[in-house]
Every structure is written in structure tokens, then in C-alpha cells.
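Here's the structure we're looking at; comments come further down.
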Amino acid sequence: MITAGKKAEAQWGEGNSIFLDIGFSSNGKTCGLAFGDESTQSLKFGDAKSAIVNHIRKRKGSMNLVIEAPLSVCFGPDGNPRGRRIERKDEKARYWYIGAGCAVMTAAMYLIRSIHEATKDLQGIEIRLFEGFASFKDSGTESNHEGDVRKLREKVKSSSLHESSIYDSGDLKLCETDEICSAFRVAGMDCGVPAVIVV
């Protein structure tokens with residue numbers, strides 16, 4: 001079962017967390033991945049997807065899967081896409097529906113579909129989704145997939161110290177009239193709106 005993780009569930013547990021900075025390249029190692037406290041690694045999308053599915057199939061119980069990609073979407077009353085609270089900082093904006101956000105959201109859809117297909121007949125498995133958000137970097141800072149994974153892991157490890165950096169689903173709207181829903185609803189996999197961990 002795949003569900004939306006809540007802020008209170010963004011807790012560290014030995015071996016129960018997967019951290020992924022997802023990329024969608026045909027030949028580059030654009031995914032950063034770590035299982036729990038294990039070393040981070042850079043992988044191609046297909047290899048990262050296979051590693052995550054295999055890891056989940058071998059375990060029982062609840063697991064937290066943190067993906068650095070938009071896992072929820074927002075629309076205004078007019079039906080047009082709108083930004084979420086986390087996507088604006090000062091004068092900057094990194095909206096889910098513009099540029100790289102769309103690409104990694106598509107990659108996340110294919111990953112979640114693979115996890116769903118691989119686990120739908122298994123009992124005793126719950127995957128709690130969390131969105132990682134590492135978009136606002138200092139000017140000139142190079143993107144580092146493994147580095148973003150380590151930052152997300154540290155936020156979860158010390159979540160009690162970083163409560164203001166974790167947004168529950170109800171904290172994501174910019175306007176009360178906005179509608180926020182699962183990014184996967186369009187693909188028939190409504191997992192709910194996950195909490196967001198901002199680094």
C-alpha cells in the first residue's frame with residue numbers, strides 16, 4: 001500500500017527510510033539514492049528504480065520513501081496550475097508545473113507505478129511517501145544528487161529540530177480556494193498529498 005506520509009511520520013528509524021533525488025536521463029547517472037544509513041550512490045533512472053523495488057519487496061512493515069520531486073499539484077478555481085507555498089522564496093519561484101519540475105514529476109510517476117505493480121499482491125508492506133524539496137540553492141552552486149540525498153536524510157534524522165522545515169499537506173496552499181491533490185491522480189494512483197521536507 002502506498003500512502004501520503006504525514007509530518008508526524010517523518011521520523012528516523014533504522015533501515016525504514018529510502019531517500020531519492022530522482023533524475024530522468026537516457027544515459028546519465030542523475031539519481032542520488034540511499035537506503036537508511038547506507039552510503040549514497042549515483043545511478044541511472046532504471047537502476048535506481050530496480051534497486052528501490054527490490055529493496056521494498058525484501059522488507060515488511062512500514063517504510064518512508066522520500067523523493068526529491070513534486071508529489072502533489074495545485075490548481076486554482078479557474079482550473080489553471082498554481083504554485084504551492086514551498087515553491088516561493090523571496091522573489092524566486094520554482095513551480096511544479098515549470099521546467100525541471102515536470103520532468104522529475106514524470107519520473108516519479110513511473111517509479112510509483114513500478115512500486116505499485118511490484119507490491120500490489122504482497123501483504124504487510126506500507127510505503128509512506130514524502131516529498132523532498134531542495135530547489136533553492138545559492139547562485140553558482142552545482143546540483144549534487146548525492147549531496148541532496150544526504151541533506152534530506154539529515155533533516156529526517158533530526159526532524160524534531162527542523163519541524164518548521166517540514167510542511168504537512170494542509171500547509172501547502174497559497175490561497176484557501178486552491179485545490180491540492182496527488183500528482184499521481186492523473187495516472188489513476190491517488191496516493192494523497194504527502195508532507196514536504198524542505199532543505
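Every read-out reported here was derived from the displayed coordinates using simple, explicitly stated rules and does not represent laboratory data. Source: prediction; values computed, not measured. Counting neighbours? That spans all protein chains shown, and the Cβs are built from the backbone with ideal geometry, glycine included.
Could you tell me which GluC sites (Glu not before Pro) in segment 24-118 are loop residues by DSSP with no more than 15 other beta carbons within 10 angstrom of their beta carbon? Could the numbers behind the result be given before it?
Details: sites: GLU38, GLU68, GLU87, GLU91, GLU117; in loops: GLU38, GLU68, GLU91.
Here the sparse-neighbourhood loop sites are GLU38, GLU91.
Could you check the simple spin-label distance between SER26 and GLU38, using points 7 Å along Cα→Cβ, in nm with one decimal?
3.0 nm
Let me know the charge dipole size of segment 2-198 about its Cα centre in debye, to the nearest 20, where only the beta-carbon of Lys, Arg (+1) and Asp, Glu (-1) is charged. Don't jump to the answer; show the numbers that get you there.
Details: 27 positive and 27 negative charges, 72 e Å.
With Lys and Arg at +1 and Asp and Glu at -1, about 340 debye.
Just name one of ILE18, GLY83, VAL73: the one whose Cα is farthest towards the positive end of the charge dipole of the chain (beta-carbon charges, Lys/Arg +1, Asp/Glu -1).
With unit charges placed on the Cβ atoms, the residue in question is ILE18.
For the chain, what is the mean residue ellipticity at 222 nm derived from helices alone (per DSSP H run of n ≥ 4: -39500 (n - 2.57); sum divided by total residues; nearest 500 deg cm²/dmol)? If you can, show how the numbers build up before the last one.
Values: 3 runs with 47 residues, N = 199.
Theoretical 222 nm ellipticity from helices: -8000 deg cm²/dmol.
For segment 25-142, with only Lys/Arg (+1) and Asp/Glu (-1) charged at the beta-carbon, what is the dipole magnitude about the Cα centre, in debye rounded to 20?
Numbers: 18 positive and 14 negative charges, 48 e Å.
Once rounded to the nearest 20, the dipole reads 220 debye.
Each label point is 7 Å from the Cα along the Cα-to-Cβ direction; what then is the distance between the points at ARG57 and ALA103, in nm?
Spacing of the two 7 Å Cα→Cβ label points: 3.0 nm.
Looking at (i) 21.5; (ii) 19.2; (iii) 16.8, which value of Kirkwood radius over Cα pairs in Å comes from a calculation on the structure shown?
Identified label for the calculated read-out: (iii).
Mind sorting LEU174, LEU111 by how few other Cβ atoms lie within 10 Å of their own Cβ, fewest first?
Values: LEU174 16, LEU111 22.
Taking fewest neighbouring Cβ atoms as first place, the list is LEU174, LEU111.
Under the definition of Cα pairs under 8 Å and six or more residues apart, what whole-number percent is the relative contact order of the chain?
Details: 381 pairs, mean separation 65.6, N = 199.
This gives 33 percent for the chain.
Just the projected area, averaged over all directions, of the convex hull on the alpha carbon atoms of segment 102-199: how many nm²?
Working: hull surface 33.7 nm².
The directionally averaged projection comes out at 8.4 nm².
What does the extension gain come out to for ASN144 and SER160, with contour length at 0.36 nm per residue minus their alpha carbon separation?
On the way: separation 16, 0.36 × 16 = 5.76 nm, distance 2.55 nm.
Length gained between ASN144 and SER160: 3.2 nm.
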